[in-house]
Amino acid sequence: MARFLLRRLINYVALCLVATFLAFTLAALTFNPVGKLMERNPPPPQSVIDAKRAELHLDEPIPTRFVLWLGGAVVGDFGKTTQNQSVSDELPRRIGVSLRLFLLGTTVGIALGVVLGVAGAIRQYKFSDYFATLFSFVILSTPVFLLGLLLKYGALQLNTAAGAQLLVFTGETSPGFQGSFGAALLDRVQHLILPTLTIALGQIAYYSRYQRSAMLDVLGSDFLRTAQAKGLTRRRALFKHGLRTALVPMATLFAFGFGLLITGGTFTERIFGWYGMGDWLVYGIEQDDTNITATVTLFVAVLVLISGWLSDVFYALLDPRVRLR
Amino acid sequence: MTMIDTDVLADPGLPPGPGDALLEVSDLEVSFPSEDGRVSAVRGISYQVAPGEVLGIVGESGSGKSVSSLAVMGLLPPSAKISGSIRLRGQELLGLSDTELSRIRGRKIAMVFQDPLSALTPVYTVGDQIAEALLVHGGRSITAKAAAKRAVELLDLVGIPNAVDRVKAFPHEFSGGMRQRAVIAMAIANDPDLIIADEPTTALDVTVQAQVLEVLKTAQEVTGAGIVLITHDLGVVAGTADRVVVMYAGKAVETGTVDEIFAAPRMPYTLGLLGSIPRLDIGRGQPLVPIEGQPPSLVALPPGCPFGPRCPLHVDACDQAEPELLVAPGPTGDHRAACIRTAVLADAEAQGGVLAAEVFDAHVVESPVVDAVPRTDREVVLGVNELVKHYPVRAGGIFRRTVGTVRAVDGVTFDVRAGETLGLVGESGCGKSTTILEILGLEPPMGGTVQVLGSDTAALSKADRKRIRRDMQIVFQDPMASLDPRLPVRDLIAEPLEVQGFSKQHIAERVPELMRLVGLRSEQINRYPGEFSGGQRQRICIARALALEPKVLVLDEPVSALDVSIQAGVLNLLDELKARLGLAYLFVAHDLSVVRHIADRVAVMYLGKIVEIGAVDEMFAAPQHPYTQALLSAIPVPDPEVERRRERILLQGDMPSPANPPSGCRFRTRCPLFLTLDADRQARCIGEEPPRAAAQPAQRGMSVVDHEAACHWARIKTVV
Amino acid sequence: MTTTDVGAGTHVPSGGGAPVEVPLGTPTNETEGITRGRLVLRRFLRNRLALVGLLTLVLLYALSLLSPLFAPWAYNEYDYTAFLQPPSPSHWFGTSQIGEDVFAQTMRGLQKSLTIGLLTGLISIIIASLVGASAGYFGGWVDRGLMWVVDLLLVLPSFLIIAVISPALRGSSWILFVLLLGVFAWMITARILRGMTMTLREREFVKAAKFMGAPSSLIIRRHILPNMASLMIIDVTITVGATILLETGLSYFGFGVQPPDVSLGTLIRDGSNAAVTTPWLFLFAGGLLVISVLAVNFVGDGLRDALDPNSRGGRRRSKSGRKTKKVPTS
């Protein structure tokens, strides 16, 4: 079991490195950070441009640049931005912002998604099932940025109707906010609700569909019939034998869900003015900044890696057939 | 065992009166919605089960036998419409709520399902699942600890060795037979009054089937429960049931005591069914009765007898109204049949199989001419010598490594000569399928040699291989799976011809010819496999295999996926084709009675080796290897009188893993003979692998020509 | 990066069945005289939502293509008399800051988004079936190599890669953008098709073909691909829906469709700055976007139900082993 997980971990790390290398190469090939410098009026002298190129190691072959960057990254130095600021200084703050958003959104999404999916399966073809299905479909057909916009729009109507700033949709905290711990917490919560909802809604819709499928599969299974034949009521058999088994395939989905989340998170951060990793990625690409892009890619890959590995662990915990490998 | 409730142990000999019935089902009807309309799966069935009685419900797939028993359990899906009455000791069960039913299920009525592999929840231990059955009905009177202890006792009772440790195992660590035992343990946990066993042994190997039936018998002795045994296998019924209900198209068509049904069937369907089963104790000379056609669709049944269109005794009056289940003349007065022509059967001179053959006009296929030529003078069409196939067992994701070797085929030697049929027999996992796949692959084998019509597969060019494929074709077990559902019959049968590059014109002529050869109408050429019945599909497969005029046909369990009545037709066809075309068959099967009917020679495989091989009559009359003897004795004979006389050799446990076979004789871990040997002799079994040696003659003085067994202490034991 | 072949990612699951286990064309309850095609059509037509979805999709696409014939303004015309006007009889969806007609623009964007989605679906299924079928059929190193690539591309969210590459595509045709989307949209489908091929490879009709001497390419063409067609159709619809979402997302950030071309994504971005005061700038585009994707998803779901009769209610599997009796058909 431990060996199995260890092997998977090694596989993930290898994937992670190659993925980062690819992203770095792609970025280095397509970006032209000195382009902005050259567009200046009057154009800077060639020596300045050359100096900038040397500073950004643009004159060296890409693999060398990658090794250079990776060497730094291993000891916590992710290089400098094109604006000559340290990537490492900015990194922890950005990660903190993103993780707060992602973890909360995912937790809410998984929990409610599973509940909704199970309810839908048990009440298959009843009104509530149709309603849940329709809800999921509509959410899954709505891009995150539109969902965010609509929530923002709705919150504004709500605030106007209530005559108070109930929900805040810009930033993590109110700028320059001073107050007691309780008031600070409330302020944070007010800022947190909309972005979390934006992320969670998609996840709820996504997981509930799968949970419903998995549960329906289990509903027709022989072992559920055996449990009932033993004398369990249908409800009890469903929860004790059905749900427990239907959760097994869900474990592998959580990794995929995380991949989806990162894209969604980017939009959410942008729309609600949270300066997290997703926002940084867009900024990095806009600024033709290879180091930022590579760093964010590494972060994304590590996140997918961790969630993938965690889902392996969950899978092993949930399913005795894997546990014994 | 403290659970024995002596009060419910009733005398099974008495016919059930109306008052003391344990279970009384009357006019039960069940229907389901479907694509084409409502399917009337059960159309008014009535039966009773007395305490301690074993009632066998027999029928082919789609006859409604499982549905009727699920209705008793209240486990039908909500879409099912149920009417009639189901009474358990007088209490009406239909209409009870789920909560009320849940108090009865598992406590008064227990059920054993068909597929043990999926009947247990994969994520809980076997012990927990058995204990749950106790806890859910025990209320406060039983603690979790006590329930866990009982679970061990119950597992022990159903014959799981080392039960104390095995309760902690998960279902996937159990073999099929062990899981079925665990399900039975669960079923008897609360000492039920009635056990419904729905095809409890269908998914199991014969030797395991014998074990499980024995456990079921023990369970009945311990609980004194009445048993409803649902099965398609008349042999199983003959050996276990007291009374029998024969179902057809959702209705009971004949009921009576087991002796009445088997000795004097009064409904042509029952008669045909009995005549269609190849019998272990008769062999070649038995004409197999095919029942033409297929069961009717249950969506919109026309009036009249549903068996009418397939019945040889059909007269116009049969189409007027569906016949009632009426008393047929007999000693008990409880023998009933739903047929207006009962009298014709009752008046017939002949009895049993002879009568069936007469009524259904079945004949024994003439032996082919090649039989006249001595075996040793005929050409070897397929020669397999010391064939070896080992699989590596791998583990791990990206860095896969070999952790062991499965010795699937470990030195197999046999030959098939022109015009003869070799039956290759063994239980699942013995390596028989791997053997034929290795042969058909035409690749150089891992060890040993394979010769097809004189060419060694180790030295074949690509062109040679293609040429040899013409001479050796295969028919698979599942005709649905072996026909691409997206191609019409024409393309299916033409495929081998196209691959071998025959002209379009030749193909256009050959396909209808082949269809006629296997008894299909050539108008059906544009139909898709989904539109054919199982038997017809298998005929398409045979036609396809014959397209290239092969000399050897490998038949991989060609009839085991078919219902018995259809199986007979396919077997007759194979017999006929062999005689007409002079084919040689390598017939792989697990069912020895089918092999006895069709084969000239038999090879019995166990754990990758052939333990006994020889001419079919000699082998069945005088089996020498303890495994062959056990295998033969485990197969039920559809005759209650014979069954009562027979002694069953029960094997211990399951077949060991081919990844780790026992030393010396591979069978010694389960061998009943081994247990009777003294230490010196046992040591030889453990240390030395028995070679295949000429067997002793069946009768003193007879010279044995074609019979070999691989046992140090081989001795004849007649078991059929 | 994944332990199993569970179809996931952008896939919208169906009413019942797990996405991988579409039965390989063996509906057990097929009645006599009905071919599979007719049966599928009948089931699909009975699914009202799917029918509505299909109809909506066809109508929307037709509308977006034909709108220049009847709309009062073209997408590249400017009405200098009307800046930032709400919907009116002359400008059905209102106008933008610089006097563009929002209706014409939205139709133009809808057309582009749908076209991109459909084309990408096509590209992705071609790559996916090639990769999936070869990996599954040949196994061994072919399989491991291809699946490693799939895993790698799955670790990198396609959004990120396309965003990184797209600046280099600035100024070139949107077809290149479609190719790029297609190249990053096939992995999950390929994984599912691989899993399916592996099951099909063990199926007896494939073995039978092999024992007849049929070459691998013929077997894949004749037996494997046609038997996966149902899943491929379903997956195309799912990919189309997902691609439209991805494309609009990228365009929203400016990494997708470049001016002067418009897509629903660029329209929503342009309109979202003043979302509160001039909602018509993004609401129509947003609404049509949701409706289109919803319609695509309904069609996919309906197809799945029609092609996979087991996705509804209790699943009945036929085992290839001994005879198994099925409930409730027995």
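Odds and ends about this structure:
- Using Cβ point charges alone (K and R +1, D and E -1), the dipole size of the range B:173-239 about the Cα centre works out to roughly 80 debye.
- Evaluated with a Cβ-only charge set (Lys, Arg +1; Asp, Glu -1), the range B:69-224 carries a dipole of roughly 460 debye about its Cα centre, given to the nearest 20.
- Peptide packing for B:259-265, C:191-197, B:323-329 was compared via the average number of neighbouring C-beta atoms within 10 Å per residue; ordered from the highest value, the list is C:191-197, B:259-265, B:323-329.
- Whether the protein assembly as shown is rounded, prolate or oblate, judged on the alpha carbon gyration tensor where a/c under 1.5 counts as rounded: prolate
- CD proxy at 222 nm, helix term only [per DSSP H run n ≥ 4: -39500 (n - 2.57); per residue of chain B; nearest 500]: -9500 deg cm²/dmol
- Taking Cβ atoms as reference points and 9 Å as the exclusive limit, the residues near A:G117 contribute a net charge of +2, counting Lys and Arg as +1 and Asp and Glu as -1.
- Whether chain B is rounded, prolate or oblate, judged on the alpha carbon gyration tensor where a/c under 1.5 counts as rounded: oblate
- Distant-in-sequence amide H partners of C:E100 (H built 1.01 Å from N, under 5 Å): C:D79
- Dividing the helix sum by the residues of chain A, where each DSSP H run of 4 or more adds -39500 (n - 2.57), gives a mean residue ellipticity at 222 nm of -26000 deg cm²/dmol.
- Cα gyration tensor shape of chain A, rounded if a/c is under 1.5, else prolate or oblate by comparing a/b with b/c: oblate
- Rough spin-label spacing in nm, given labels placed 7 Å along Cα→Cβ, for C:R46 and C:N76: 5.1
- Other protein chain Cβ atoms within 10 Å, averaged over every residue that makes up A:19-30: 4
- Per-residue ³J(HN,Hα) for the range B:38-52, Karplus 6.51 cos²θ - 1.76 cosθ + 1.60, θ = phi - 60°, Hz, x for Gly and Pro: 6, 8, 8, 6, 10, 10, x, 10, 10, 7, 10, 10, 8, x, x
- Rounded Å value of the spacing that divides the Cα centres of the range C:121-144 and the range B:569-605: 41
- The C:R170 and C:L65 beta-carbon pair, evaluated with R₀ = 35 Å, returns a calculated FRET efficiency of approximately 0.85.
- Other protein chain Cβ atoms within 10 Å, averaged over every residue that makes up C:158-170: 6
- Remark: for residue pairs B:K65/B:K168; A:K240/B:K81; A:K230/B:K145; A:K126/B:K65, the C-alpha separation exceeds 24 Å in B:K65/B:K168; A:K240/B:K81; A:K126/B:K65.
- Set of lysines with alpha-carbon distance to A:K52 below 25 Å, sequence-local pairs under 8 removed: A:K36, A:K80
- Peptide B:475-483 is shielded by partner chain Cβ atoms: per residue, an average of 6 of them sit within 10 Å of its Cβ.
- Sorting B:511-524, B:241-254, A:266-279 by average packing, meaning the other beta carbons within 10 Å per residue, from highest down gives B:241-254, A:266-279, B:511-524.
- Partners for B:K578 among lysines (Cα-Cα distance below 29 Å; same-chain residues under 8 apart left out): B:K432, B:K466, B:K504, B:K551, B:K609, C:K207, C:K210, C:K323
- Considering only C:G94, C:V52, B:A494, the residue lying farthest towards the positive end of the dipole of the protein assembly as shown is C:G94, judged by Cα position with unit charges set on Cβ.
- Positive minus negative residues near B:L497 (Lys, Arg vs Asp, Glu; Cβ under 15 Å): +2
- Leading residue at positive end of dipole, chain B (Cβ point charges), from B:L517, B:M480, B:V112: B:M480
- Neighbour-count order for B:R644, A:R94, fewest beta carbons within 10 angstrom listed first: B:R644, A:R94
- For peptides C:107-114, A:131-138, B:212-219, B:188-195, sequence by mean Cβ density within 10 Å, most packed first: C:107-114, B:188-195, B:212-219, A:131-138
- Each Lys or Arg adds one and each Asp or Glu takes one away; over the other residues whose Cβ falls under 13 Å from the Cβ of B:L387, this sums to -2.
- Cα long-axis angle, helix A:46-55 against chain A (0 to 90 degrees, to the nearest 10): 40
- Applying 1/(1 + (r/R0)^6) with R0 = 41 Å to the Cβ-Cβ distance of B:D20 and B:T676 gives a FRET efficiency near 0.35.
Every number in this text was worked out from the coordinates using simple rules, so none of it is lab data. Keep in mind it's a predicted model, so treat the numbers as computed, not measured. Every residue, glycine as well, gets a Cβ built from its backbone with ideal geometry; the counts of neighbours run over all protein chains shown.
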